[in-house]
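Since the structure comes first, as structure tokens, the remarks are kept for the end.
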Amino acid sequence: MTVSAVSSMDHGGVSVSVVVFHPDRQLLGRTFASLAAAGTALERVRPGMPIHLYLIDNGGMPDMTSMRASLSQAGIECTTLSGHGNIGYGRGHNLAIERTSSRYHLVLNPDVDIEPSALLEAVEFLEAHPEVGLLTPAIVDDSGQLQYLCRQYPTLIDLFVRGFLPRAARRPFESRLARYEMRAQINERDTLWDPPIVSGCFMLFRTKVLKKLAGFDARYFLYFEDYDLSLRAHDVAHVVYTPAVRVLHHGGGASRKGWAHIRMFVASAYKFYNRFGWKWL
């Protein structure tokens, strides 16, 4: 493995891990620009809370010279981990989790735009609530509509309808989906304590909690690693949905990415249910 680092590896602030595999360069640039802006806002209020980015190259990483320069200008140190090949999403993040000694660690997708105040709001909440080990934000799509990415424990029908049916065919299942997606509880105003499952696109952990959980389960190559980690997080700390923290997610579902992703989705679902219990209806 190749490690390319800028300045020190460890600190007491916020570490961030981003795993990339042939990423969209424009979206990745937006993600890092938004991280730089959010880091600047955090540094302005909490100067003792530096940010260190771990960029994990699972393959196909574009030239990062200009992006790294913008991060450096914002005071964000960057360590690139490469040469290990495509080891999967969770195992990629674990490479960073094993190395960091930060106070907080952010698992971040390379297609997420962070609002400028998001990191500050998140850190302020965690500083005020030491019982919280994992924070998830309000997540909106490209049109600004709230994505319901906090979830109840899924049944097989929920996964099939949500993941594979076209929108028009979902109408008979709307009440099921509303329950699964916690639409009655999730909004852009109210904090919600202990949603069972939260999205892996933005998971801000208290690092000592994340290390106690030993990070992601490496048996998942892609999909369901965030479901697994969310459920295990409840065993050691509180999980909270905090809409004052807001991000934009450009991601899409497995069925829209082709058969390879469908196969990975099904394989990971099988591992998930074998571990936590099958729920059919």
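Hand me the trypsin sites (Lys or Arg not before Pro) from segment 96-197 located in a DSSP loop with no more than 16 other Cβ atoms within 10 Å, in residue order please.
Arg183, Arg189
Any idea what the relative contact order of segment 131-281 is, in percent, if you count C-alpha pairs under 8 Å spaced at least 6 apart?
39 percent
Considering all alpha-carbon pairs of segment 133-219, what whole percent are spaced by more than 22 angstrom?
Summing the P(r) tail past 22 Å for segment 133-219 gives 35 percent.
Could you work out the relative contact order of the chain? I mean the mean sequence separation of Cα pairs under 8 Å and 6+ apart, divided by the number of residues, in percent.
24 percent
Under the Karplus relation 6.51 cos²θ - 1.76 cosθ + 1.60, θ = phi - 60°, what is the ordered set of whole-Hz ³J(HN,Hα) values for segment 156-166, x standing for Gly and Pro?
Values, residue by residue: 4, 5, 4, 5, 5, 5, 5, x, 10, 7, x Hz.
Cβ under 14 Å from Gly29's Cβ, Gly29 left aside: what net charge do those residues give with Lys, Arg +1 and Asp, Glu -1?
-1
Determine the percent antiparallel among the DSSP beta bridges restricted to the chain, to the nearest 5.
Looking only at bridges with both residues in the chain, the antiparallel portion is about 45 percent.
So how tilted is helix 25-45 from the main axis of the chain? Cα-based, degrees 0 to 90, rounded to 10.
60 degrees
Please report the spacing between the Cα centers of segment 82-135 and segment 1-80 in Å, no decimals.
Computed from Cα coordinates, the inter-centre distance equals 11 Å.
When only DSSP loop residues count, what GluC sites (Glu not before Pro) in segment 152-201 have their Cβ near at most 15 other Cβ atoms within 10 Å?
Filter output for segment 152-201: Glu188.
Provide the net charge surrounding Ala237, with neighbours chosen by a C-beta distance below 9 Å and charges set as Lys +1, Arg +1, Asp -1, Glu -1.
Taking every other residue near Ala237 into account, the sum is 0.
Taking the Cα centre as origin and putting +1 on Lys and Arg beta-carbons and -1 on Asp and Glu beta-carbons, what dipole magnitude results for segment 218-281, to the nearest 20 debye?
220 debye
Note down the magnitude of the dipole of segment 120-179 about its Cα centre, charges +1 on Lys and Arg C-beta and -1 on Asp and Glu C-beta and zero elsewhere, to the nearest 20 debye.
680 debye
For labels at Phe276 and Gln26 in the simple 7 Å Cα→Cβ model, what's the distance in nm?
3.5 nm
If a/c stays under 1.5 just call it rounded; otherwise compare a/b with b/c (prolate if a/b is bigger, oblate if not). Do that for segment 54-116, with a ≥ b ≥ c from the square roots of the Cα gyration tensor eigenvalues.
oblate
All other residues with a Cβ under 15 Å from the Cβ of Pro172 taken together, and with Lys, Arg as +1 and Asp, Glu as -1, what is their net charge?
Neighbourhood net charge equals +4.
Which of Gly48, Val140, Ala178 sits farthest toward the positive end of the charge dipole of the chain, with +1 on the Cβ of Lys and Arg and -1 on the Cβ of Asp and Glu?
Ranked along the dipole, the leading option is Ala178.
Taking square-rooted eigenvalues a ≥ b ≥ c of the alpha carbon gyration tensor, is segment 151-281 rounded, prolate or oblate, where a/c under 1.5 means rounded and, failing that, a/b exceeding b/c means prolate?
oblate
Please give the contour-minus-distance gain from Ala128 to Val236: 0.36 nm per residue of separation, less the Cα-Cα distance, rounded to one decimal in nm.
Additional length available on full extension: 37.1 nm.
Describe numerically, in nm with one decimal, the distance between label points set 7 Å from Cα along Cα→Cβ at Leu192 and at Ala267.
3.2 nm
Could you give the size of the charge dipole of segment 59-165 about its Cα centre, using +1 on the Cβ of each K and R and -1 on the Cβ of each D and E, expressed in debye and rounded to the nearest 20?
420 debye
Quick check of the Kirkwood formula: for the chain, what is the inverse mean of 1/r over all pairs of different Cα atoms, in Å?
That comes to 19.1 Å for the chain.
Which residue, Gly133, Gly12, Gly215, has the most motion in a Gaussian network model of the chain that connects Cα atoms within less than 10 Å?
Gly12
Note the angle between two axes, namely the Cα long axis of helix 259-276 and the longest principal axis of the Cα atoms of the chain, as a number of degrees from 0 to 90, rounded to the nearest 10.
Roughly 80 degrees between the two axes.
State the volume of the convex hull built on the alpha-carbon positions of segment 56-169, expressed per residue in Å³ and rounded to an integer.
188 Å³
Per the helix-only calculation at 222 nm, which mean residue ellipticity applies to the chain, given -39500 (n - 2.57) for every DSSP H run of n ≥ 4 and division by its residues, nearest 500 deg cm²/dmol?
Theoretical 222 nm ellipticity from helices: -11000 deg cm²/dmol.
What do you get for the angle between helix 89-99 and the principal long axis of the chain? Use alpha-carbon atoms, 0 to 90 degrees, nearest ten.
Helix 89-99 and the main axis of the chain meet at about 40 degrees.
Quick note: the coordinates plus some simple rules give every number you see, no bench work behind them. Keep in mind the model is a prediction, meaning the values are calculated, not measured. No Cβ is skipped: glycine too gets one built from the backbone with ideal geometry, and neighbour counts run over all protein chains shown.
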